[in-house]
Every structure is written in C-alpha cells, then in structure tokens.
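The values are calculated or read from the model by the stated rules, or taken from the named source; none is laboratory data. Given the structure is predicted, the values throughout are model-derived calculations rather than measurements. All Cβ positions, glycine included, derive from the backbone under ideal geometry; neighbour counts span all protein chains shown.
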Amino acid sequence: QKEVEQNSGPLSVPEGAIASLNCTYSDRGSQSFFWYRQYSGKSPELIMFIYSNGDKEDGRFTAQLNKASQYVSLLIRDSQPSDSATYLCAVNQNDMRFGAGTRLTVKP
Amino acid sequence: DTEVTQTPKHLVMGMTNKKSLKCEQHMGHRAMYWYKQKAKKPPELMFVYSYEKLSINESVPSRFSPECPNSSLLNLHLHALQPEDSALYLCASSPGAGYTFGSGTRLTVV
C-alpha cells in the first residue's frame, strides 16, 4: 500500500467551476498535511497546509482533513486557467512523503 | 530572504564526469533535503540533513554524495552517474513543517 495516494487524473473542469482533489494516506499517526502546486518544468510550491480535522480556507482554496478516514482534500473555487497544474498531496511523518499528484486542467 | 537558491539550473554531464549541485538558504531553517524527480512522477526523497548532520539516507547509490558544510549550504556531489539518473534535482529547507523548494537543477547524463 502506497503511503500517500491520489487520483492521477487528469481532472478537467471549466473555468469558474469548483475543482475537487482528493488524497488518502496510510499512516494513522500522521499529523500534518500539505498541498503543493507544480507547474510543468517548475518546482513544487506550497499552497495549503492543515493540521486539524475540518476545513481551512485561504482565498479560493479550501483544505479539508478527516483523520478518522485518513482523507485530505483540496477544493479550488472559481477555477482559473492559471490553476492548471499538477497538485501534489504530501504528508509529513519524519519527512515529507508525496502522492503521485493529480493533473488539473481548467478549460476557458 | 525567503528563497532556496539552487545552482546550476541546468547541467549536462558525461558518465565519467564529477560535478556538484549547490543549494543555499538564509531563512535559518535547520533541516535541508535533496529530492529527485523524474518526469510525471512525484519527488522522491534522497537525503535529509538536520542540524547539519545526515539523518536520513534513502538507500541512494554511492555515486551521489551529499555534504552540508554549514547551516545555510547543501551540496550534492555527483560521480560516475548513469543516464537513468537524469532528472530534476530539488533542494528544500524547512523550519519544521512545510518545505520551501528551490527551483531545481535539471540534470542530463549523457
């Protein structure tokens, strides 16, 4: 079983829609969870982190964490073409472990 | 300064060459990392330095040799690499959680 699992996509949404990205993790003792955005040929960029169960909002982004279900999600509201990228879910155990990433395309 | 700076940005080397990748941060972060990323794959952890000491080595071949001269610098020495080692090499630093990545070194081994 992989430590961090994501649907690889691709996920395609129209401009203005809500994009929903999902992630599950295997280590029940994990405490901190991150979403990185990576544009093609570029390095990952941290966009959200969450430590507690529930929702955390930052602008158009909302991270959701359910530790009982070992599930993390990222919602992007009012999606823009500039949001088109690969989104990496990461879980910090002793070090950062990444999921395979979900490729998101926002169509104008 | 909130950046992690990596040099060079691109590197082409032969299988008999010796080269070094460099990483620098001035955010006071005491943990620094090397990751390797192949195309369309997630970053894979190679090495972790904590307080300038190597704390994690993910069974990386000895042709990769990390070095942490001080709390701001991290090097990755390369020797006798193989074509399959061609990848994006990412350096990151962390204050404890949440990493800041450098822009990476695109390495091609010919």
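When you scan segment B:84-104, how many residues do you find that are modelled with pLDDT under 95, in contact with a Phe, Trp or Tyr (Cβ under 8 Å, 6 or more places away or on another chain) and part of a loop (DSSP other than H, G, I, E, B)?
Looking only at that region, the number is 3.
Surrounded by 15 or more Cβ atoms within 10 Å (Cβ to Cβ), outside any strand (DSSP E or B) and more than 12 Å from chain A (Cβ to nearest Cβ): which single residue out of B:Leu107, B:Leu81, B:Leu76 fits that description?
B:Leu81
Output the number of the condition that A:Ser79 fails; it satisfies all remaining conditions of (1) more than 10 Å from the chain's Cα centre (by Cα); (2) surrounded by 14 or more Cβ atoms within 10 Å (Cβ to Cβ); (3) part of a strand (DSSP E or B); (4) away from chain B (no Cβ under 12 Å).
Only one criterion is unmet by A:Ser79, namely (3).
Would you pick out the residues in segment A:23-65 that are more than 14 Å from chain B (Cβ to nearest Cβ) and closer than 16 Å to A:Arg77 by Cβ?
Passing the criteria: A:Asp55, A:Glu57, A:Gly59, A:Arg60, A:Phe61, A:Thr62, A:Gln64.
I need every pair where a residue in segment B:70-95 that is in contact (Cβ under 8 Å) with a residue 60 or more places away in the chain and under 20 Å from A:Ala90 (Cα atoms) has its Cβ under 8 Å from the Cβ of a residue that is among the small types (Gly, Ala, Ser) and in a strand (DSSP E or B), sequence separation at least 6 or different chains.
Short answer, once both residue conditions are applied: B:Ser93/B:Ala31; B:Ser94/B:Ala31; B:Pro95/B:Ala31.
Among the residues in segment A:51-71, are any touching a Pro at 6+ places or on another chain (Cβ under 7 Å) and surrounded by fewer than 21 Cβ atoms within 10 Å (Cβ to Cβ)?
Checking segment A:51-71: not a single residue is touching a Pro at 6+ places or on another chain (Cβ under 7 Å) and surrounded by fewer than 21 Cβ atoms within 10 Å (Cβ to Cβ).
Any idea how many residues of segment B:91-104 are of a type in the set (Gly, Ala, Ser), farther than 29 Å from B:Ala80 by Cα and more than 7 Å from chain A (Cβ to nearest Cβ)?
Adding up the residues that qualify gives 2.
Taking segment B:45-58 only, how many residues are away from every other protein chain (no Cβ under 14 Å) and not in a strand (DSSP E or B)?
2
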